[in-house]
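Participant: Got a structure for you, written out below as structure tokens; questions coming shortly.
The values are calculated or read from the model by the stated rules, or taken from the named source; none is laboratory data. All of these numbers come straight from a predicted model, not from anything done at the bench. Cβ: placed from backbone, ideal geometry, glycine included. Neighbour counts: every protein chain shown.
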Amino acid sequence: MIKPVFYGLMMLLAPCLAAEEKTSLEEIQAELKEDPQVFISFVPLKSQWVGDLKREDGTRDARGVRLERGGVIEGQIFMARVYPNGSYNTADIFWYRKAIPADEKLRSCQTLEQLNGLLGEFGGSGYAGWGGPEWAHQGAHAWLLFSPVADDRMSCVRVFAQVGDEKPAKIKRIFIERGELKPADPGNAQEWEKYLSGADVFDLDELAKEKEREIFPQPLRDLVAVEELPYDAEYKQLSAAVQAVRNDPDPELFYQLAKHLDHGRHGLSGLLGQIMVNEFETLKLQPWGEQQEKKAAMACIDSMQYASKKSRRQITLTLLKLCGGGAVEVDDGSEWGVVAAKQMKEGYTVSYLSVQQKATLEQTQQALRDLYSKYRKAKQ
């Protein structure tokens, strides 16, 4: 059986102040009524709310629900669990609704438009893909909502809908989790253990990431650790680490990157792109030195022998961008046999072409060496 897992996306806020005024849902509602355009950032709640969302099989998330801060964005009230570095997970932010429709009403919806009509588009997160093999190319949406039902009780719901790519988008499957929230008791130690704070969740996530990084050898492990630093919003430390790689490229690092490039948890293809071409220009880097760039480019090409076919395509694409565009035959395990990149005013357009006979690894590597040689000559 396929079950949705709600990890959400990590968002970053401004750093939280050491001492902040606290608010309540009633006070937030009053401010919004007085000024419909008001923006209220993530303000600590006078009373936190805790509870559980029960899945359809009766199980609960081991972290529970704890709503610590509230505010208003674009006229919509929210409450959320927030991490100590000012970030939050979109799976931990719940949006206010005066009333939440019953399960039967939600399940009667046939299209995404109908579900949006009941739940509202604000508070629904879009996902590019989800599910098992038969839905690998479908999209999905999630809503996390809360609604007061008494002074000391709120109902909450998480709705997850898997939809097709037709228009209007039809609902293929829908999962509903419901629960109740109550005011938290700050002095209840067992409650703190059952319904984790943002700080506790943050610590658990950091420990899990540290454990997962153990699969990487050095020096790759240290570079991934810097890439995952939670307090590097302006990428200062990552910029310094990548600049150090550029100053003295270690071929072994590129071989390690190639071996782990398609490791799903860490997205190491992004690291390769940042090292070679400062992809998306997120880092503050000095231009390549000619000899250092050549050493790194040749290490990338040599590293393809350690990479999966899928990763060979990514390495090829990165090198095409380094060289200002081009087209190279590469066997990436798909129906395509040629990857091409064309430099535009902003970024690159990427296309794939099919061929009758796939190039060997050695042919791809030689084509990339020739392309890089032409690129260097053109720059002289």
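Participant: Restricting region 67-102 to residues that are among the acidic types (Asp, Glu) and at pLDDT below 95, which is nearest to ASP232 (Cα to Cα)?
Facilitator: ASP92
Participant: I need the full set of residues from region 91-113 which are over 14 Å from SER41 (Cβ atoms) and surrounded by 16 or more Cβ atoms within 10 Å (Cβ to Cβ), in order please.
Facilitator: Hits for region 91-113 are ALA91, ASP92, PHE94, TRP95, TYR96, ARG97, ILE100, PRO101, LEU106, CYS109, THR111, LEU112.
Participant: Can you confirm whether ARG313 is within 15 Å of ASP262 (Cβ to Cβ) and either without any contact (Cβ under 8 Å) to a residue 24 or more places away in the chain or among the basic types (Lys, Arg) (or both)?
Facilitator: yes
Participant: Then there's this: Please give the helices (runs of 4 or more DSSP H) falling wholly within region 150-227 in which 2 or more residues are in the same structural domain as ASP57 (by TED's automatic domain parsing). Working first, answer last.
Facilitator: Working: elements: 189-194, 198-212, 220-227.
Per the criteria, 189-194, 198-212.
Participant: If you don't mind, there's one more thing I want to ask. Restricted to region 234-248, and to residues that are touching a residue at least 40 places away in the same chain (Cβ under 8 Å) and outside any helix (DSSP H, G or I), which residue is surrounded by the fewest Cβ atoms within 10 Å (Cβ to Cβ)?
Facilitator: It comes out as ASP248.
Participant: Which of the residues belonging to region 104-122 are within 28 Å of the chain's Cα centre (by Cα) and among the hydroxyl-bearing types (Ser, Thr, Tyr)?
Facilitator: Correct list: THR111 only.
Participant: Inside region 318-356, can you point out the residues that are under 21 Å from GLU281 (Cβ atoms) and either free of Cβ contacts under 8 Å to residues at least 24 places away in the same chain or not assigned by TED's automatic domain parsing to the domain that holds ASN278 (or both)?
Facilitator: GLY325, LYS342, GLN343, MET344, LYS345, GLU346, GLY347, THR349 - these are the residues of region 318-356 that are under 21 Å from GLU281 (Cβ atoms) and either free of Cβ contacts under 8 Å to residues at least 24 places away in the same chain or not assigned by TED's automatic domain parsing to the domain that holds ASN278 (or both).
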